[in-house]
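Worksheet for the structure shown next.
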Amino acid sequence: MAGKRIGILAIHGSVVEHAESLRRLNFTPVEIRAAKDLETVYGLILPGGESTTIGDLAQQFGLREAIVNFAKSGKTIYGTCAGLILLARYGLLDVKIDRNAYGRQIHSFEVDLEIPALGKKSFNGIFIRAPKILSAAKSVEILAQFEDSPILVKQGNIWGGSFHPELTDDLRIHKLIFGGK
Amino acid sequence: MKKTNTATLKKGLAQMLKGGVIMDVVNPQQAIIAEKAGAVSVMALERVPSDIRKDGGVARMSDPKMIREIQAVVSIPVMAKVRIGHFVEAQILEALEVDYIDESEVLTPADEKFHIDKSKFKIPFVCGATNLGEALRRISEGAAMIRTKGEAGTGNVVEAVKHIRTINEEIAKLQKMNEAQIKKYAREIRVAPELVKEVKKLGRLPVVNFAAGGVATPADAALLMQLGCDGVFVGSGIFKSSQPEKMAKAIVEATMNFDKPEILARVSEGLGEAMKGLEIATLETKLATRGW
């Protein structure tokens, strides 16, 4: 039986990778390309990609307002990399971000992360032209840090991370956020 | 321990660009227009392919100054081209920290025997291919992204269509092969059997595969997406059209909504003249035959 429907903003980027992670957790991934697509899903992922492009196009297609309303309704949203930047820009996550602060592609990196909420086993953090969280408001819970900067945060129903769990086989972060089998 | 320049990271950047449009730009002004129109990346080069065709002569890597100027004005990734086999041009682009290097048949080849050993570089490479064997040879050399060659600078999509169809058909054939046939096929196309087996298992290339060469309209972009490409490179098609900003936006929207004819109809309206196209049979130089 197909599981609960979770949307993935499908302008471009790591859409099929998130969809695969969700499927493996027994969710039904739904590609979101228009505001009305959000009506039938109970959670939403803003994937990795180019934040300038995704942001402008989301605005143009009336998706920004729809995403903000979706957040206000209390449903869960998780943004990775470019998605994290959008959450901050939309005022849904009270953090200050420096886009591409980790540098151009040549400085992209993988590193074993300690994320207490996931238990003892480390998590392979994949950072691709990643944004850096410079500071976070007190109401933002910091779930993991790398080199003194937060890399996975949560504020109520809104989650943001600067790395790409969708590029790994490790489902623990998707599971922590959305539940599932 | 922090690891950099891994295959995962190299392929990963291309994965982030899937569903998007990469645009050729020849100066910072065009780069800004491309970014505003929704390009996921820009390819910095001195002359678009249609001008390279017109001007003739040897086409080389672009002036580093021009690449730096483009890097300075956009936040999206910047790619740049090197000649086939010209590993020193690639070293120069690596020093500039471009985000992706295109070892491209659009420039005049520098080596008739060897493509660049791309695995030695920290920067990921994209390479053109006309069929599955060519794609897998490039991947074996370290390419982290593939694109069809098409026939650049013609505004004629027919070759790009041929290349993606060929790759799809060859992958379909591969799916039916047994162990012995796979070994024989791998020998024929000169790649490791493991790589061929991986393609069989995945039912697709193990890296992101974009369309390129001859894309001139939103419908061209959507056609290649419907044929299974992961995204689209547009070269001369944008800045050689009569209304570049409008054309750029329309191609971006068409690539995102490639399976929605009503949106394709809307974005195709009133775009003015697309670039003037060329018939492939009349070409003196076929760029797609460069490389092997």
Taking the criterion of being in a helix (DSSP H, G or I), open to solvent by 30 Å² or more (accessible area, probe 1.4 Å), touching a residue at least 12 places away in the same chain (Cβ under 8 Å) and not charged (D, E, K, R), would at least one residue in segment B:66-85 satisfy it? yes
Apart from one, (1) in contact (Cβ under 8 Å) with a residue 24 or more places away in the chain; (2) assigned to a loop (DSSP other than H, G, I, E, B) all hold for B:GLU284; the odd one out is (1)
Would you confirm whether any residue within segment B:162-170 is within 17 Å of the chain's Cα centre (by Cα), touching a residue at least 24 places away in the same chain (Cβ under 8 Å), surrounded by fewer than 19 Cβ atoms within 10 Å (Cβ to Cβ) and within 28 Å of B:THR6 (Cβ to Cβ)? no
Condition set without any contact (Cβ under 8 Å) to a residue 40 or more places away in the chain and more than 21 Å from A:PRO47 (Cβ to Cβ), scope segment B:1-34, selection farthest from the other protein chains (Cβ to nearest Cβ): answer is B:GLN29
What are the pairs with Cβ atoms under 7 angstrom where one residue, in segment A:131-144, is in contact (Cβ under 8 Å) with a residue 40 or more places away in the chain and assigned to a strand (DSSP E or B) and the other, located anywhere, is open to solvent by 30 Å² or more (accessible area, probe 1.4 Å) and of a type outside the set (D, E, K, R)? Sequence gap at least six, or different chains. A:ILE133/A:ILE97; A:ALA136/A:ILE142
Qualifying positions in segment B:32-66 - of a type in the set (A, V, I, L, M, F, W, C) and under 28 Å from B:ALA254 (Cα atoms): B:ILE32, B:ILE33, B:ALA34, B:ALA37, B:ALA39, B:VAL40, B:VAL42, B:MET43, B:ALA44, B:LEU45, B:VAL48, B:ILE52
Of all residues in segment B:261-277, which are of a type in the set (A, V, I, L, M, F, W, C) and out of contact with any helix residue (DSSP H, G or I) (no Cβ under 8 Å at 6 or more places or on another chain)? B:ALA265
Filtered residues of segment B:86-116 (kept if of a type in the set (Asp, Glu), crowded, with 19+ Cβ neighbours inside 10 Å, farther than 11 Å from B:MET61 by Cα and away from chain A (no Cβ under 14 Å)): B:GLU105
If you check B:ALA254, B:ALA216, B:ALA248, B:ALA222, which single one turns out to be more than 30 Å from B:GLU179 (Cβ to Cβ), open to solvent by less than 10 Å² (accessible area, probe 1.4 Å) and assigned to a loop (DSSP other than H, G, I, E, B)? B:ALA216
Across segment A:103-122, what is the total count of residues that are part of a loop (DSSP other than H, G, I, E, B), within 12 Å of chain B (Cβ to nearest Cβ) and surrounded by fewer than 20 Cβ atoms within 10 Å (Cβ to Cβ)? 3
Is it the case that segment A:31-38 has a residue that's open to solvent by 20 Å² or more (accessible area, probe 1.4 Å) and touching a Ser or Thr at 6+ places or on another chain (Cβ under 9 Å)? no
Which condition does B:ALA37 not pass, out of (1) more than 11 Å from chain A (Cβ to nearest Cβ); (2) out of contact with any Cys (no Cβ under 7 Å at 6 or more places or on another chain), if it passes all the others? (1)
Identify the single condition in (1) touching a helix residue (DSSP H, G or I) at 6+ places or on another chain (Cβ under 9 Å); (2) among the hydrophobic types (A, V, I, L, M, F, W, C); (3) open to solvent by 10 Å² or more (accessible area, probe 1.4 Å) that B:VAL25 does not satisfy, given that it satisfies every other one. (3)
Restricting to segment A:43-100, what's the tally of residues that are of a type in the set (A, V, I, L, M, F, W, C), assigned to a loop (DSSP other than H, G, I, E, B) and within 14 Å of chain B (Cβ to nearest Cβ)? 2
From the list B:LYS122, B:LYS183, B:LYS173, which residue is within 14 Å of chain A (Cβ to nearest Cβ) and either part of a loop (DSSP other than H, G, I, E, B) or over 26 Å from B:VAL215 (Cβ atoms) (or both)? B:LYS122
Which residues, counting only those in segment B:225-240, are in contact with a helix residue (DSSP H, G or I) (Cβ under 7 Å, 6 or more places away or on another chain), more than 13 Å from B:ASP24 (Cα to Cα) and in a loop (DSSP other than H, G, I, E, B)? B:LEU227, B:GLY228, B:CYS229, B:GLY231
Any idea which residue in segment A:145-181 is surrounded by the most Cβ atoms within 10 Å (Cβ to Cβ), counting only those that are of a type in the set (Ser, Thr, Tyr) and in a loop (DSSP other than H, G, I, E, B)? A:SER162
Within 11 Å of chain A (Cβ to nearest Cβ) and of a type in the set (Gly, Ala, Ser): does that describe B:SER62? no
Every residue in segment B:166-191 that is among the aliphatic types (A, V, I, L, M) and under 26 Å from B:GLY150 (Cα atoms), please. B:ILE167, B:ILE171, B:ALA172, B:LEU174, B:ALA186, B:ILE189, B:VAL191
Just to be sure I understand, how many residues within segment B:247-266 are under 22 Å from the mean Cα position of the chain (by Cα) and of a type outside the set (Gly, Ala, Ser)? 10
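The values are calculated or read from the model by the stated rules, or taken from the named source; none is laboratory data. Since this is a predicted model, take the numbers as computed values, not measurements. Cβ atoms come from the backbone with ideal geometry, glycine included; neighbour counts cover every protein chain shown. Accessible surface areas use protein heavy atoms only, side chains included; no ligands, DNA or RNA. Shrake-Rupley method; radii C 1.70, N 1.55, O 1.52, S 1.80 Å.
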